[in-house]
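What follows draws every value from the coordinates through simple rules; no lab data is involved. None of these values were measured; they are calculated from a predicted model. Heads up, the Cβs are rebuilt from the backbone with ideal geometry, glycines too, and the neighbour counts pull from every protein chain shown.
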Amino acid sequence: MVEALRRMEYRGYDSSGVAVLDGSGASRVEKKEGKLANLEAALDSAGHDSFPGTTGIGHTRWATHGRPSDRNAHPHVSGDVAIVHNGIIENFAPLRAELEAAGVELVSDTDSEVAAHLLMCEMASGPHAGDFVASCRAVLNRLEGAFTLVFSHAAHPGTLVAARRSTPLVLGVGKGEMFLGSDVAAFIEHTREAVELGQDNVVVLRADGYEITDLAGEPTEGRPFHIDWDLAAAEKGGYDYFMLKEIAEQPAAVADTLLGHFQDGRIVLDEQRISDQDLRDIDKVFIVACGSAYHSGMVAKYAIEHWTRLPCEVEIASEFRYRDPVLDRSTLVVAISQSGETADTLEAVRHAKSQKARVLAVCNTNGSQIPREADAVLYTHAGPEIGVASTKAYLAQITANYLVGLALAQARGTKYPDEVAAEFRQLEKMPEAIQKVVDSLDPVREIARELADSKSVLFLGRHVGYPTALEGALKLKELAYMHAEGFPAGELKHGPIALIEDGLPVFIVMPPVEGRGVLHSKLVSNIQEIRARGARTIVIAEEGDEVVRPLSDYFIPIPASTTLLQPLLATIPYQAFAAEVAAARGYDVDKPRNLAKSVTVE
Ligand code: F6R
């Protein structure tokens with residue numbers, strides 16, 4: 001079991017745990033905060049003999065609700081029930097209130113724990129009391145959100161019940177043994193025969209077989225497949241690099257970041273330790289961040305100023321506190337950080353707080369330092385990002401930043417509730433559009449291989465296309481060690497146009513047709529200017545943008561979107577381009593030279 005958890009550790013590594021059913025009606029549970037090594041040490045000191053049994057569940061956690069701790073680690077236990085959960089139970093708050101009103105004591109801060117207690121109550125006094133499988137279904141039917149859940153019950157030692165909705169779960173079929181995992185890497189050393197489970201499928205697992213039903217109990221079938229990956233490939237989901245896997249995970253990262261943040265017609269943050277009145281009184285916004293997170297903040301500026309009419313400045317975190325910015329208690333400082341540990345951003349937060357400003361953190365790592373010190377927090381739900389270059393965390397940051405903008409507009413009344421709802425609905429459509437871009441990256445990779453020997457590449461854009469250009473250039477620099485620069489397209493003629501020479505590749509993001517007008521036609525002129533000087537143009541534009549197609553040496557179509565949301569689509573070809581150029585040049589895509597995933601020194 002520990003070996004399987006080690007294979008899953010890349011999916012989450014802030015705490016882990018196991019529950020083993022000993023067959024005589026008891027279960028043993030051990031869980032520990034921190035890396036898997038902590039759990040291993042605890043199991044070793046307890047002695048493996050004290051965990052007898054042939055049925056068990058295990059989990060490595062990446063915190064969403066409740067910071068990493070022994071208490072919040074999985075499995076969660078209620079009487080004879082133990083459960084592990086991946087995902088977000090969106091309606092956990094009313095379920096928790098219901099359980100508390102019934103006298104159940106909840107011991108963790110997680111959304112997951114409610115599932116254990118609900119099952120315990122169903123087994124004790126529900127309409128299917130004593131029927132393990134039917135009681136699990138009854139619980140599953142009450143849950144909203146995205147979840148993979150596995151239930152065990154000490155009085156039913158030979159059986160596990162599991163289900164999935166919008167999060168992964170695969171079944172491994174062995175000889176006289178069965179497995180479940182978030183992906184096949186969990187059990188690949190035991191069996192290569194697997195079954196993919198469909199949406200809302202429930203599987204009942206016994207050592208000698210399994211049954212799959214829907215949530216109503218009607219029999220259904222999974223999709224059997226043979227695993228021909230080796231172990232290393234299996235951990236990367238069959239991709240050559242984690243970064244490619246993480247690019248492909250972007251529809252889920254954006255969808256999960258939106259999940260649960262629009263309730264009863266209102267945008268809700270994850271943690272808010274400032275009053276609504278204080279939020280209403282904000283008269284100025286600073287965004288502080290580094291690298292890609294800074295670029296996501298640049299995108300946010302357009303949305304925040306447009307939606308809230310508040311002045312918004314974006315600052316590189318390492319510059320912020322050294323220039324004595326004008327801050328007071330009606331200033332909101334938004335700190336964006338995937339890791340939540342970046343020293344420059346953390347020091348900017350501390351400086352802001354020392355000047356009485358309010359701090360809102362947008363962060364991917366629950367329990368990290370920046371959200372701990374902030375007055376309000378919105379978590380991105382990209383999951384662990386292993387590739388050093390930010391991809392899915394970046395799109396999740398942009399998404400969360402839009403939610404911050406809408407929360408401010410809502411608090412200040414600069415948008416009516418139905419306008420906020422309409423913007424949120426636009427955001428909800430994005431995962432599908434992102435999926436389309438992710439599915440059509442092969443031509444981009446071909447262009448990358450063709451241009452892999454270029455000395456230099458330029459990236460141009462206007463409006464939100466400008467931060468997208470900066471992000472495209474950063475990806476290429478950090479992964480392919482190639483000179484790259486991003487410019488606002490209008491700035492070109494003020495100097496950088498001197499860089500244009502015959503054959504120089506220049507990427508351009510065109511605004512969507514919705515924004516066509518001044519912006520679109522100005523960019524068309526910019527393209528003509530650089531083509532006249534010999535540049536090779538690679539244009540990312542809305543499919544059907546026939547005006548710009550004839551001006552493109554390479555044309556990369558993306559789906560239609562609003563102008564503000566376009567970076568969620570237009571960035572993706574840049575990620576794929578940089579990864580492919582790096583691979584073609586023989587570099588390690590996941591671990592670029594000189595870089596660390598989290599920069600904890602100033
Ligand atoms: C670029 C990249 C970095 C980070 C930056 C901030 O691909 O990953 O530029 O975005 O170091 O890191 P966080 O978001 O952890 O504060």
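Structure notes:
- Excluding same-chain neighbours fewer than eight residues apart, the lysines reachable from Lys284 by a Cα-Cα span under 25 Å are Lys301, Lys353, Lys356, Lys415.
- Counting only DSSP beta bridges with both residues in the chain, the antiparallel share comes to about 60 percent.
- Residues listed by number, region 142-173, amide nitrogen under 17 Å from Ala46 label point at 7 Å toward C-beta: 152-155
- Here the contact order of region 236-438, divided by its residue count and restricted to Cα pairs under 8 Å and six or more residues apart, works out to 31 percent.
- Taken over the alpha carbons of the chain as equal point scatterers, the Debye sum produces base-10 log I(q)/I(0) values at 0.08, 0.12 Å⁻¹ of -0.59, -1.23.
- Put simply, the C-alpha atoms of region 2-233 give a gyration tensor, and the ellipsoid matching it has half-axes of 24, 22, 17 Å, longest first.
- Distance (nanometres) between label positions extended 7 Å along Cα→Cβ at Arg223 and Asp264: 4.0 nm
- Excluding same-chain neighbours fewer than eight residues apart, the aspartates and glutamates reachable from Lys477 by a Cα-Cα span under 18 Å are Glu450, Asp453, Glu485, Glu580, Asp588, Asp590.
- The chain: angle of helix 36-46 to the longest principal axis, Cα-based, in degrees nearest 10: 20 degrees
- Point-charge dipole on Cβ atoms (K/R +1, D/E -1) for region 236-438, about Cα centre, debye to 20: 160 debye
- Computed from the C-beta positions of Asp200 and Ala93 and an R0 of 30 Å, the FRET efficiency is 0.85 to the nearest 0.05.
- For region 236-438, a Kirkwood radius taken over Cα pairs fed into Stokes-Einstein (25 °C, viscosity 0.890 mPa s) yields D = 146 µm²/s.
- Site pair Thr414 and Ala584 shows an inter-label distance of 4.3 nm when each label is modelled 7 Å from Cα along Cα→Cβ.
- With helices as the sole contributors, the chain gives -11000 deg cm²/dmol at 222 nm; each DSSP H run of n ≥ 4 counts as -39500 (n - 2.57), and the sum is divided by every residue.
- Between region 268-295 and region 382-421, the Cα center-to-center distance that results, in Å: 11 Å
- Assuming charge only on the beta carbon of Lys and Arg (+1) and of Asp and Glu (-1), the dipole of region 326-394 about its Cα centre is about 220 debye to the nearest 20.
- In the chain, a dipole from Cβ-located charges (positive for Lys and Arg, negative for Asp and Glu) runs towards its positive end, and of Pro52, Ile274, Ala134 it is Ile274 whose Cα lies farthest in that direction.
- Volume per residue for region 442-584 equals 91 cubic angstrom (convex hull of Cα atoms).
- In region 2-233, Cα pairs under 8 Å separated by at least six residues give a relative contact order of 16 percent.
- Rounded Å value of the spacing that divides the Cα centres of region 500-566 and region 168-213: 47 Å
- Spacing of the modelled spin labels on Ser521 and Lys353, each 7 Å from Cα toward Cβ, amounts to 5.2 nm.
- Tilt relative to the chain, helix 92-101 - C-alpha long axis, 0 to 90 degrees, to 10: 40 degrees
- Acute angle (nearest 10 degrees) that the helix 442-451 long axis makes with the longest principal axis of the chain, alpha-carbon atoms: 50 degrees
- Stretching the chain fully between Thr54 and Ala134 yields a gain of 26.5 nm (0.36 nm per residue, less the alpha carbon separation).
- Label-reachable residues, region 1-31, where backbone N falls under 12 Å from a point 7 Å from Asn38's Cα toward its Cβ: 13-17, 31
- Near-label residues of region 12-37 by backbone N, under 12 Å of a point 7 Å along Cα→Cβ of Glu105: none
- Extension gain, Glu428 back to Asp453 (0.36 nm per residue minus Cα-Cα distance, nm): 5.1 nm
- Put a plus charge on the Cβ of each Lys and Arg, a minus charge on the Cβ of each Asp and Glu, and nothing anywhere else: the dipole of the chain about its Cα centre is then about 1440 debye.
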